[in-house]
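Everything below concerns the one structure shown next.
The values are calculated or read from the model by the stated rules, or taken from the named source; none is laboratory data. Note that the coordinates shown come from a computational prediction; the quantities given were computed from them, not determined experimentally. For neighbour counting, all protein chains shown are included, and Cβ atoms are generated from backbone atoms with ideal geometry for every residue, glycine included.
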Amino acid sequence: MTALIQLKNISKHFVTDEVETHAVNQINLSITQGEYLALSGPSGCGKSTLLSLLGLLDSPSEGTYHLTGLDASSLNRNERAKIRNEKVGFVFQSFNLISDLTVAENVMLPLTYQKGLSKQTMMDKVNDVLQQVEMSHRTRHFPSQLSGGQQQRVAVARALVNDPAFILADEPTGNLDSKNAEAVMQLLNSLHQKGSTIVMVTHDPRSAECASRQVEMLDGQIIRDSLITQTAAPISAAI
Amino acid sequence: MSWLLDIKYAFRLLIKAPKFTALTLVVLIGGLSLSLFTFSFLYAIVYKPLPLPEGDTVYRVFGNHNGHRHANVAYEILQAMQQEDVFSEYGIWQDTSVRLSINDAGKTIPASFVQPNMFSFSRTEPIMGRTINQEDLRTDAEKVVVLSHTVWQNDFNQDPNIVGKNIRINETVTTVIGVMPKNYNFPIVSKLWLPLPQQLQNIQPSSKQQYPIYARLNHNISLKQAEQQLSDAANSIYQLTYKQYDKEEGELSIELASFPIAQTDRDGSIVFTFFNLIALSILILACINVGNLLLARAIERQKEIAIRAALGAPQKRLTLQLMWEGIIITLLGGVLSVLLVGALLSTTDSIIKSALPNNIPFWWNWELDAPTLLMAIVFTLLTIFLASFIPAWRSANQDINATLRDGTRGAQSKKAGKLSRMLVTFQIFLISTLLLMGSVSAFIAYFLLNVDFGVNYDRTYLASFNLQKQEYPTEQQQRNFIQGLLTELEQSPQITNTFSYFFIGQSTLKIQTEKDINTLPKKIKTFSIIGKGDFYRAELLQGRHLSISDNENAQRVVLVSQSMVERYWPDEMVLGKTIDVMLNQQEQTFTIVGVVANLADGSSFYSDKISEDEMHLSGLQFSSSYPRIIYKYHDNEQEAEEYFYQSLFKFNRNLEPNRLEPASYSSDMMKNIAVIVAWITFGSAGFALLLALTGIYGLTANSVVQRTHEIGVRRAVGATDRNIIQLFLKHGSKQLMIGMGAGMMVFSVIAIAFQSFTENMIPPLLYVALITVVVTLLSVIVMLAIYLPTRKAVKLEPSAALRYE
């Protein structure tokens, strides 16, 4: 199967106060269409940095990154923005909804950066994804009027609205209670069942058990990469 | 004791950030000093009570005739004051200029003819000798004078034996009877006081003169009541006298004004309010800037505040804790501003008094006084509220949970950016209004500096006289005096030209033209002149000058203004034409013998020269008791002035000119004031613009920084740099439009006032041009202020922007 994502010798170095940190060091990774990959490891191991590189939120210091066969490491800022807009959906630990925008406007945000979409088309897509995450009754609310779980469901809807090639989730249950965490994990599971490619960062091994593939990192390097044959039980069971 | 710890902590924070401390201090000192100086400077001119005991009960009394100020109705006013028991004391005086001769030198000094009660009225005793008494008013009394401390000090070297000595005033031996204390120049600028001449003491019903009146209001009557009572009484008298003594028909009312207000022609309160509003706006700009800097600091400390709140600190304590930094800076700024303003006032006082030693009202003293200190406290408290309390209160009202969970970005509520946006909008509103007002003021100042009165002031002097009926009972005697003085002056090698003129009044032209007579102005300003005046004003354009042959026995002749010719006889030869004029309630026929240039003598400086018509009659046919003499000197002003007095005293040793000054004196005074006002306005506008620029940039940059995380989110979902910049510019455009829209609306109202004040002198196109320039300038500035920090923010990688706190 053709790899959706292909990383070769990818490194990311940060220099702060004249100290160089190797957040990601010489990583090789290939992700195929439809995979549900859990990226785990202790704090500071480089998971989030790797996720940022995968989502083109940051550019690597070294190495090459091929996304659907395209060399993403040589793209300029605008080309990277276009790919983020069309092919990537992000779900963050802290939801990252814009407080000044309503639920519908937050979800619509990626579509507003695409050309040629009518307002009606955008609204249809928004309503569709909000229904998927069972938030269609809160379209006119502002994020501050929602619970954490509801905010994360809106964030998932925003990640889905542009019909992305893959979803990147950075500790999506980190700020949620167990009930809401389960609901979000189920939502990701169901997306995976429908064929979505998901890369999820988690430091919690129990959340990682939901994935079809587990990659474990330490000190900026992959120390374990294993396939899980059976989809895990719901996270509530693990918790 | 805990608050002491808070203060200590605030000091530590300020010392740790010296650049921040210095910047906020400079901004605050600028705003506070400007406001305080404006207040104190204008308060001393307009509202400060006279520096006399019970100075707040002292008023000047004016007559308004048909709503016009300065009515020449002294008799009616004095009669009304006698009838109505509204004043505990009152009196009249007359300002004059006298020639003080010491050895062979002489100098002109402002003086006053006064009644004996003036000194007791002002509650001031002489430091030596006595003041003027009733005996001194007698015509046969010895000539006496009371010296001011300034004259005693500067001209008589503080001679301890000056009382009883004879000095020469107007070449008349006069005995010094007393010396007044330092800084006493009541009623306005007097440096010498002489007894009021006998003829001024009994003002007749026929008098058409105006005399300044001082009065102390009774404690049991209000200002309004007094004005009403006096107006009713004076008007009743006037309705009897105007018919009998050939005065102008109309209603008479009385107005009381304090000396300072009266000195500003009773418009002082408008000027005071206008400039203080501008200064207060600038202070508010400074407060917004400092408030924004403190808010940015508070946001940096939001996590710390959340931790303190989580540990149980009450909101009041947190607010106060956040305020201490602002309070310390503001108090320090307040103290430094007071010191700076004190030094500025003292310098201003010295500069103005040395530049205009004889023309400053005695109450114009600029110093740090109680009202200034009180206002400093008010401004400081206002600054603490605006620049310190509001940001602290906002910051202490955060969502603790969100801040502790997500850092400062988690606490960014929907309201967070609103305050910044509102402040930017408000700054745009203020600065657009100030810029537009400043531009129009600059235009007016430029106009005043270059206004053409139709008069050539070059090396000319003006002397005005009041020829008393007792001394000059017939018109022939008056003419003889004027002609004689002119002839004598022309003998001097230092004097090149002379002439005399007098404003007779408004005459009515009886004329039939093809035009509708009702649309033409009926009143024409009429002067009488002796000599050729076109070296000074009203240059001859056609025909001939009035000459010595145009005397009482000759036919009545007239020079008409160019505007009059264009208005009434646009395509006709006017020379030789006869016109009928109602003058002094008599219809008289005049032959036009010349056409002269127009004069700027409309109702204000802004009136067009063609707005009024003038006629010039022969002074040998229409003489006056109040002539003005104009002479032009060759190159030595002092010698010419000396020669003037020598010539005058050859005719009459007892006659003092009411005024003797460069003819340009009033014009120069007006221009000097225009220059001072223009510089103050430019300085203030420059400072305001700097504050607004830094403020708008600071607020916008802060707002962009606060939205860095949002930028990260937008970029994560695919927004390009261009998308983000466009979005921020779009938001900025809204603020720009709202702020400038509000500014335009306020300016429209002000523009109407400007138009009325300047009699539509400002062309409407100028407003359009100014608005275009200001809108363009501000748009560029605001857009740059948004673009630069936004461009900086989008340069961050999205991953970094998402982590930004």
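A few notes on this one:
- Among the residues listed as A:Leu130, A:Leu146, the single one being within 14 Å of chain B (Cβ to nearest Cβ) and of a type in the set (A, V, I, L, M, F, W, C): A:Leu146
- Answer from B:Pro371, B:Pro361 - the residue that is assigned to a loop (DSSP other than H, G, I, E, B) and touching a residue at least 24 places away in the same chain (Cβ under 8 Å): B:Pro361
- Those residues of the range B:709-742 which are more than 13 Å from chain A (Cβ to nearest Cβ), of a type in the set (A, V, I, L, M) and closer than 23 Å to A:Lys115 by Cβ, in sequence order: B:Leu729
- Matching residues in the range B:752-805 - criterion: being within 14 Å of chain A (Cβ to nearest Cβ) and not hydroxyl-bearing (Ser, Thr, Tyr): B:Arg791, B:Ala793, B:Val794, B:Lys795, B:Leu796, B:Glu797, B:Pro798, B:Ala800, B:Ala801, B:Leu802, B:Arg803, B:Glu805
- From the list B:Pro49, B:Pro53, the one residue that fits, being part of a loop (DSSP other than H, G, I, E, B) and either among the basic types (Lys, Arg) or surrounded by 13 or more Cβ atoms within 10 Å (Cβ to Cβ) (or both), is B:Pro49.
- Some residue of the range B:147-166 being touching an Asp or Glu at 6+ places or on another chain (Cβ under 6 Å) and of a type in the set (Ser, Thr, Tyr): no
- Meets criteria (of a type in the set (Gly, Ala, Ser), more than 14 Å from chain A (Cβ to nearest Cβ), surrounded by fewer than 19 Cβ atoms within 10 Å (Cβ to Cβ) and farther than 28 Å from A:Leu97 by Cα) for B:Gly695: no
- Residue list for the range B:725-764, filter: among the aliphatic types (A, V, I, L, M) and crowded, with 23+ Cβ neighbours inside 10 Å: B:Leu736, B:Met740
Conditions (1) within 14 Å of another protein chain (Cβ to nearest Cβ); (2) more than 18 Å from B:Ala716 (Cα to Cα), marked per residue:
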residue	(1), (2)
A:Val15	yes, yes
A:Glu20	no, yes
A:Gly69	no, yes
A:Arg77	yes, no
A:Arg80	yes, no
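- Among (1) of a type outside the set (Asp, Glu); (2) assigned to a strand (DSSP E or B); (3) surrounded by fewer than 23 Cβ atoms within 10 Å (Cβ to Cβ), the one test that A:Ala169 misses: (3)
- Residue match in the range A:88-95 (condition: at the interface with another protein chain (Cβ under 9 Å from one of its Cβ atoms) and in contact with an Asp or Glu (Cβ under 6 Å, 6 or more places away or on another chain)): yes
- Which listed residue is modelled with pLDDT of 75 or more, of a type in the set (Val, Ile, Thr), in a helix (DSSP H, G or I) and crowded, with 21+ Cβ neighbours inside 10 Å, from B:Ile270, B:Ile288: B:Ile288
- Checking each residue in the range B:488-507 for being among the small types (Gly, Ala, Ser) and in a strand (DSSP E or B) picks out B:Ser500, B:Gly505, B:Ser507.
- Some residue of the range B:212-224 being assigned to a loop (DSSP other than H, G, I, E, B), touching a residue at least 24 places away in the same chain (Cβ under 8 Å) and surrounded by 20 or more Cβ atoms within 10 Å (Cβ to Cβ): no
- Note on the range B:655-674: residues that are of a type outside the set (Ser, Thr, Tyr) and assigned to a loop (DSSP other than H, G, I, E, B) total 5.
- Among the residues of the range A:98-127, those identified as within 13 Å of another protein chain (Cβ to nearest Cβ) and outside any helix (DSSP H, G or I) are A:Ile98, A:Ser99, A:Asp100, A:Leu101, A:Thr102, A:Tyr113, A:Gln114, A:Lys115, A:Leu117.
- Considering the range B:2-27, the residues that are farther than 19 Å from B:Thr319 by Cβ and among the hydrophobic types (A, V, I, L, M, F, W, C) include one that is surrounded by the fewest Cβ atoms within 10 Å (Cβ to Cβ), namely B:Ile15.
- Scope the range B:318-356; condition touching a residue at least 40 places away in the same chain (Cβ under 8 Å) and of a type in the set (S, T, N, Q); matching residues: B:Thr319, B:Gln321, B:Thr330, B:Ser337, B:Thr348
- Qualifying positions in the range A:191-207 - modelled with pLDDT under 80, within 15 Å of the chain's Cα centre (by Cα) and not in a loop (DSSP other than H, G, I, E, B): A:Ser207
- Every pair of residues 6+ apart whose Cβ atoms lie under 9 Å, when the first sits in the range B:654-678 and is over 21 Å from B:Pro110 (Cα atoms) while the second is in a helix (DSSP H, G or I) and among the small types (Gly, Ala, Ser): B:Ala674/B:Ala445; B:Val675/B:Ala445; B:Val677/B:Ser441; B:Val677/B:Ala445; B:Ala678/B:Ser441; B:Ala678/B:Ala442; B:Ala678/B:Ala445
- Of A:Gly69, A:Gly46, A:Gly55, all but one fail to be out of contact with any helix residue (DSSP H, G or I) (no Cβ under 7 Å at 6 or more places or on another chain), buried (at least 21 other Cβ atoms within 10 Å of the Cβ) and under 18 Å from A:Ser30 (Cα atoms); the exception is A:Gly46.
- In this entry, B:Arg653 is excluded by the filter for residues that are surrounded by fewer than 16 Cβ atoms within 10 Å (Cβ to Cβ) and within 14 Å of chain A (Cβ to nearest Cβ).
- With respect to being touching a strand residue (DSSP E or B) at 6+ places or on another chain (Cβ under 6 Å) and in contact (Cβ under 8 Å) with a residue 12 or more places away in the chain, B:Ala306 falls outside the description.
- Test: residue in the range A:47-62 that is away from chain B (no Cβ under 14 Å) and touching a residue at least 40 places away in the same chain (Cβ under 8 Å): yes
- Scan of the range A:60-88 for residues that are small (Gly, Ala, Ser) and within 24 Å of A:Val156 (Cα to Cα), ordered by number: A:Ala81
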